[in-house]
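Worksheet: the structure to be examined is printed underneath.
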Amino acid sequence: MTEKEKTVLSEDPNAGLATPVMDLVTAGVIGAIGIWFAIESLRLPTPGGLITAPGLLPFLTAGSLVVMAALLALAALRRRRGQAAGETAFELPPDFRRSLLLGAILAVYVAALQFLPVAAAMRIGSLRLVIGSFEVATFIAIVTVLRIFWRPVLWPCLAIAFGWVAFLSLVFRLVFEIQLP
């Protein structure tokens with residue numbers, strides 16, 4: 001096989017293969033999810049025996065995920081060994097730290113939505129507005145993401161975050177009549 005035949009096209013046709021370290025990280029995450037699903041599927045009851053067990057299909061699916069993760073890890077290790085001396089294939093892409101930071105911000109945001117007990121009410125004319133954890137956490141998350149990834153100037157980030165949170169909050173509460181968390 002030539003190198004051209006090995007190239008996997010993505011949304012960016014010039015992207016090529018991911019670095020071996022990225023493939024190893026992906027294989028670890030997919031493998032962990034597969035093992036977790038396999039364990040959970042084994043915990044399901046088997047009232048009619050193994051063939052009719054409700055956890056059989058999830059177990060087989062999880063097993064295939066683990067096999068695919070192992071194959072991905074092996075391919076990444078082979079690519080690493082096949083590189084010329086001096087090439088640093090285990091270097092992270094330049095935007096990896098920013099992506100990791102974004103993931104951490106989103107994890108904190110979701111946790112704040114779940115565990116932040118905020119509730120305050122105010123009146124603007126005859127309209128009663130309730131400020132909850134959704135508004136507070138979403139505002140802070142949007143300002144943080146915009147500040148880090150878009151503009152270092154604070155006031156546009158604040159204005160966009162306020163407008164977006166107000167729009168979402170009003171639409172969900174007044175149009176859909178759904179109370180946000």
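Every number here is computed from the coordinates shown, using simple stated rules; none is lab data. These numbers were taken from a predicted model, which means no experiment stands behind them. Glycine gets a Cβ as well: all are built from the backbone with ideal geometry, and neighbour counts include every protein chain shown.
A few points about this structure:
- Note that region 165-173 has calculated 3J(HN,Hα) couplings of 5, 4, 4, 4, 4, 5, 5, 5, 7 Hz, one per residue in order, obtained from phi through the Karplus relation 6.51 cos²θ - 1.76 cosθ + 1.60 (θ = phi - 60°); glycine and proline are x.
- Region 96-175 - percent relative contact order, Cα under 8 Å, separation 6 or more: 23
- Note on F149/I33: beta-carbon distance plugged into 1/(1 + (r/R0)^6) with R0 of 35 Å gives a FRET efficiency of 0.80.
- The Rg/Rh ratio of region 96-175, with Rg taken over Cα atoms and Rh as the Kirkwood radius over Cα pairs, comes to 1.02.
- Two-site FRET efficiency, L50 against F96, from Cβ-Cβ distance with R₀ of 45 Å, rounded to 0.05: 0.55
- Between F115 and R128, the contour length at 0.36 nm per residue exceeds the Cα-Cα span by 2.3 nm.
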